[in-house]
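Notes follow the structure.
Rule-based calculations on the coordinates, nothing more; no lab input. None of the values given here were measured: they were computed from a predicted structure. Don't worry about glycine lacking a Cβ; one is built from the backbone with ideal geometry, like all the others, and counts go over all protein chains shown.
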Amino acid sequence: MKKVLSGIQPSGQLTIGNYIGAIQNFVRLQETHECYFMVVDLHAITVPQEPAALREQSQSVAALYLAAGIDPQRAAIYMQSHVRAHAELGWLLTTLTSMGELERMTQFKDKSAGKESVGAGLFVYPALMAADILVYNADLVPVGDDQKQHLELTRDLANRFNSRFGDFFTVPEPYIPEVGARIMSLDDASKKMSKSNPNPGSLIALLDEPDVIRKKISRATTDSGREIRFDREAKPEVSNLMGIYSLMSGLSLPEIEARFEGQGYGPFKKELAERVVAVLEPLQQRYREIRSSGMLEEVLKQGAEKASSVADRVVEGVKERMGFLRG
Ligand code: AQP
């Protein structure tokens, strides 16, 4: 069975973008692959996190994995920081990474732009991401467009290690999901919907109350026209909302256009809100049950044990090849 590795940062409340672009694919992949799904807390601290919020968001992401249908009997669900091999291999790989490679990373450029002080962790983070993947010798990594460059670096590092120290790492392939549309911000369709966006009106959180969802959708930016038509160039905001409608309802874009022909944005937004609520309400119900059941701790413990048993052996192999003494 091929191995798949992925994770989400507990850097805010998860959005419907994270759900559609990541979690729904995780649920599908567990049927056919050996899966490792982490909550990447070590990545989240590359930008400042308030400790109490980090603790709460970490539990929230793990509980949402379960609520969305990831089965801990099939896939390992765990905190990245509970598997020490990630940080250890991260350091070892950092020493094989050049400054020039890291300087070329567009995500670093984006995330550091305009900031007075940028943590070194944000800069070296792609080496830790490479470690996350290589520490399981993962075959496939589900990645969005924005992560492709980091995966390319991971492949380079695997090849570099293999040619310097002998064949060892699997060189991972990107997994481009069949469904995985990019959901854009509700207030600015040129930016992706992001959980760390400080404007709550820009995103729909998976745990937003139904009335909050209705309000946010009714206030979502549109254009001055009234036609429900999919055209990313000419009508980016309406096209984004149509994409969400389609993914939440299973209706195709032409079906949505036909359904709302001549109706204007009001009725469309109202129905969209109800579609989103209908998908999120049962998820939220399961989430609340999971949080109050106290099962999370045990799931995370078992997940970390399963992951560590694979990852520790890989790190031992790496250290041996690099010339470290056995401890
Ligand atoms: N808007 C989106 N549309 C589709 N997929 C998305 N993902 C994120 N936003 C969208 C996917 O969700 C996963 C989460 O990855 P992450 O938490 O490591 O960080 P991210 O991609 O940077 O996500 P956010 O929500 O934008 O977080 P912040 O604001 O903290 O940077 C990935 O699989 C991503 O493709």
Rounded to a whole number of µm²/s, how large is the Stokes-Einstein D of the range 39-178 at 4 °C and 1.567 mPa s, given Rh as the Kirkwood radius over C-alpha pairs? 80
Amide proton proximity set for Phe260, modelled H, under 5 Å, gap of 5+: none
Any idea how far apart Lys109 and Gln263 come out in nm if each label point goes 7 Å out from Cα toward Cβ? 4.3
Restricting attention to the alpha-carbon atoms of the range 116-162, what are Rg (one decimal) and Dmax (integer), both in Å? 11.7, 38
Based only on Cα atoms, what mean projected area does the convex hull of the range 195-327 have, in nm²? 13.6
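Return the Rg/Rh value of the chain, two decimal places, where both radii are evaluated on C-alpha atoms and Rh is the Kirkwood radius. Show your work: numbers first, answer last.
Numbers: Rg = 20.9 Å, Rh = 21.0 Å.
Computed over Cα atoms, the ratio is 0.99.
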Sparse-neighbourhood loop hits (GluC sites (Glu not before Pro), the range 95-190; DSSP loop; Cβ within 10 Å at most 15 others) -> Glu116, Glu178
For the range 203-209, Karplus couplings with θ = phi - 60° (6.51, -1.76, 1.60), whole Hz, Gly/Pro x: 9, 10, 7, 4, 9, 5, 5
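Looking only at Cα atoms, what is the convex hull volume of the range 119-248 per residue, in Å³?
Values: hull volume 19.4 nm³, N = 130.
Convex hull of Cα atoms, per residue: 149 Å³.
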Whats the longest run of the chain with zero trypsin sites (Lys or Arg not before Pro) that are DSSP loop and have at most 16 other Cβ atoms within 10 Å? 233-325
Amide hydrogen neighbours beyond the local backbone of Ser185, cut-off 5 Å, H modeled: Lys191, Lys192, Met193
For Cys35, residues with placed amide H under 5 Å, excluding near neighbours: Val4, Ala76
Which of the chymotrypsin sites (Phe, Trp or Tyr not before Pro) found in the range 1-59 are loop residues per DSSP with 15 or fewer other Cβ atoms within 10 Å of their Cβ? none
Given N residues in the range 44-98, what is its alpha carbon radius of gyration divided by 2.2 N^0.38 Å? 1.42
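With 20 Å as the limit, write out which pairs from Lys111/Lys215; Lys111/Lys192; Lys109/Lys216; Lys3/Lys195; Lys191/Lys216; Lys111/Lys269 have Cα-Cα distances beyond it, or answer none.
Details: Lys111/Lys215 29 Å; Lys111/Lys192 13 Å; Lys109/Lys216 30 Å; Lys3/Lys195 27 Å; Lys191/Lys216 17 Å; Lys111/Lys269 32 Å.
Cα-Cα > 20 Å for Lys111/Lys215; Lys109/Lys216; Lys3/Lys195; Lys111/Lys269; rest within.
Averaged over all directions, how much area does the convex hull of the C-alpha atoms of the range 23-114 cover when projected, in nm²? Don't skip to the end; give the middle numbers.
Details: hull surface 31.5 nm².
Hull-based average projected area comes out at 7.9 nm².
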Quick check on the chain: of the DSSP beta bridges with both residues there, what percent are antiparallel, nearest 5%? 20
